[in-house]
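Step one of this worksheet: look at the structure below.
The values are calculated or read from the model by the stated rules, or taken from the named source; none is laboratory data. All values derive from a computational prediction rather than experimental measurement. Here the Cβ positions follow ideal geometry from the backbone for every residue, glycine too, while neighbour counts run over all protein chains shown.
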Amino acid sequence: MAAAGKEPSAQEMRQVIGASSLGTIFEWYDFFIWGTLTTTGILGRTFFPADNPVLGDLLAWATFAVGFGFRPLGAILFGFLGDRLGRKYTFLVTITLMGLATAGIGLVPSYAAIGVAAPVLILLLRIAQGLALGGEYGGAAIYVAEHSPGGRAGFHTSFIQASVVGGFILSLMVVLLFKLALADVWDAWGWRAPFVFSVVLLAISLWMRLRLSESPVFKQMKEAGETARNPFVESFTYPGNWKRLLVALFGIAAGLTVIWYTAMFSVLSFLQQQMHVDSTAAQLICGGSALGGLVFFIFFGSLSDRIGRKKPIVWGYALTLVLLFPVFWVIGSQANPALAAASARAPVVVSGPECAYDPFASKQRDECGSVLEFFAKKGVAYTKAEASAIDVTVGGTTVRDTSPEGLGAALAAAGYDLKPVIPPARSIAIMVGAILVLMALSGATYGPVAALLSEMFPPRIRYSSMSIPYHIGTGYFGGFLPFISQSIVVKTGDPYSGLWYTMAVVALALVVTAWGLKETVAPPRAAG
């Protein structure tokens, strides 16, 4: 995709890919560190009222989603600047904004110290992060794609895709290292260190990116006077672009992002909250699996240079619909075998008239809701049944005392051990294999995408046209996934029920992609 003229050397491409990818890793680290720590419950306890831990965690996930919600606005703002002023300087601004906002989160006092001002400040900083991320991804992906020699864009841009996973891995590594170094003060203030550490990453990113030159495609357009006057408006008026925008939004961004967030954040949350796996063990399992899964992003990006971008994405969507539930069942059976056995041997059934649990209520409206709240807070799976009177059974035995103490005693008598566990080595190996299946599905759908989106849109409006649908899709369909799926789980009592959200979005994406996506890579010519 490089502009006509001298193609960059291998050394220059390594510098372009290295600086762009490392900056993207750092930027996603900044964004993901909130999600990584939310799975531990510490952010919900710190920045939100602490009398309802389930509500605190849901509010923390909602705050995580807010950052995603503002990514489209960042895409509009920085997409405009990227198409008007250049790729390089735009993503220098985005990474600076992200680094400062992340460090700021680590300095906000707790809810206990300053009251409602704490979540308000956190919300504003998450908005700043969302704006920054809305401009970062498109800039880095396009910058690499526009430097890439012909026929190699999928391979070269796959490193940007893998960098998103790298940001998640780095967030886990930094959390674990600081947790080890600051074990005695971790709950008090040590957890703030990973946020403040962002200042160091920001300095490294700026040093590397300031050494880069502008994209050759943009320089050629600027010299020819062909840059867009208003790239935002042109994105919606350029002939044929409406269909491309819709396919990019509903067929590409929405589908790939829910698979990726399910593979990482849903698994991490599932292990710690529903399966009661020790938080450090869960982070190591997910981080190690993500590290091993990086190869799939590079492989499918490179494969797309040979067979086209569309095929791996369609294959990944179709296989996700087939494999998602079985993979999670395998993870659930191995994460905490004793708990899984107790749940199968002694299922919890709650019966009552219009029995419902409202996770956002400070107090449940009736006894049945309070019973469901107890099980939801404990992360215990349950099923509901209609009945004229409240009845709770554990393994078929009626629980007479429905107070928290009585319910806890009934669970203990039935063999439920809710203390955090570290799975045996064999179970960990099986779980890693299952998570790698999810990573392969994510790699198939995510690896080719930076090249695909760069090729879908004309250079003069590429930054805006690529960034807007991408960040609406990833911001709303993906960013709200942890909050929506966790809300479904706590309301239904089924630890696997949140996966139906992923299934619905992927099914939509498969239909849209199969119907509307036109291949952007010409098939290779036959020999002879």
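Some observations on this one:
- Filter result for V165 (among the aliphatic types (A, V, I, L, M), surrounded by fewer than 22 Cβ atoms within 10 Å (Cβ to Cβ), in a helix (DSSP H, G or I) and in contact (Cβ under 8 Å) with a residue 40 or more places away in the chain): no
- Residue match in segment 377-394 (condition: touching a Lys or Arg at 6+ places or on another chain (Cβ under 9 Å) and part of a loop (DSSP other than H, G, I, E, B)): no
- Residue check, I435 within 30 Å of V165 (Cβ to Cβ) and surrounded by fewer than 19 Cβ atoms within 10 Å (Cβ to Cβ): no
- Candidate set from segment 275-284 (those that are part of a helix (DSSP H, G or I) and buried (at least 23 other Cβ atoms within 10 Å of the Cβ)); member that is farthest from the chain's Cα centre (by Cα): A282
Here is a yes/no grid of residues against (1) modelled with pLDDT under 75; (2) hydroxyl-bearing (S, T, Y); (3) touching a strand residue (DSSP E or B) at 6+ places or on another chain (Cβ under 6 Å):
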residue	(1), (2), (3)
A188	no, no, no
V200	no, no, no
Q220	yes, no, no
E223	yes, no, no
F236	no, no, no
G240	no, no, no
T257	no, yes, no
Q272	no, no, no
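- Residue in segment 455-463 that is assigned to a helix (DSSP H, G or I), surrounded by 19 or more Cβ atoms within 10 Å (Cβ to Cβ), among the aromatic types (F, W, Y) and in the same structural domain as Q274 (by TED's automatic domain parsing) present: yes
- The set of residues in segment 344-355 being part of a loop (DSSP other than H, G, I, E, B) and either within 16 Å of G56 (Cα to Cα) or modelled with pLDDT of 80 or more (or both) consists of A346, P347, P353, C355.
- Only one of the numbered conditions (1) crowded, with 16+ Cβ neighbours inside 10 Å; (2) out of contact with any Lys or Arg (no Cβ under 7 Å at 6 or more places or on another chain) is violated by V511, and that is (1).
- Lone qualifier among S487, S497 - being part of a helix (DSSP H, G or I), surrounded by fewer than 22 Cβ atoms within 10 Å (Cβ to Cβ) and of a type in the set (G, A, S): S487
- Among the residues of segment 411-430, the ones that are surrounded by 18 or more Cβ atoms within 10 Å (Cβ to Cβ) and in contact with a Lys or Arg (Cβ under 9 Å, 6 or more places away or on another chain) come to 3 in all.
- Candidates G139, G79, G134, G130, filtered to the one that is surrounded by 24 or more Cβ atoms within 10 Å (Cβ to Cβ), more than 22 Å from V16 (Cα to Cα) and either touching a residue at least 60 places away in the same chain (Cβ under 8 Å) or outside the structural domain of L201 (by TED's automatic domain parsing) (or both): G130
- Selection of segment 356-371 for residues being among the aliphatic types (A, V, I, L, M) and either more than 18 Å from G56 (Cβ to Cβ) or over 33 Å from the mean Cα position of the chain (by Cα) (or both) yields A356, V371.
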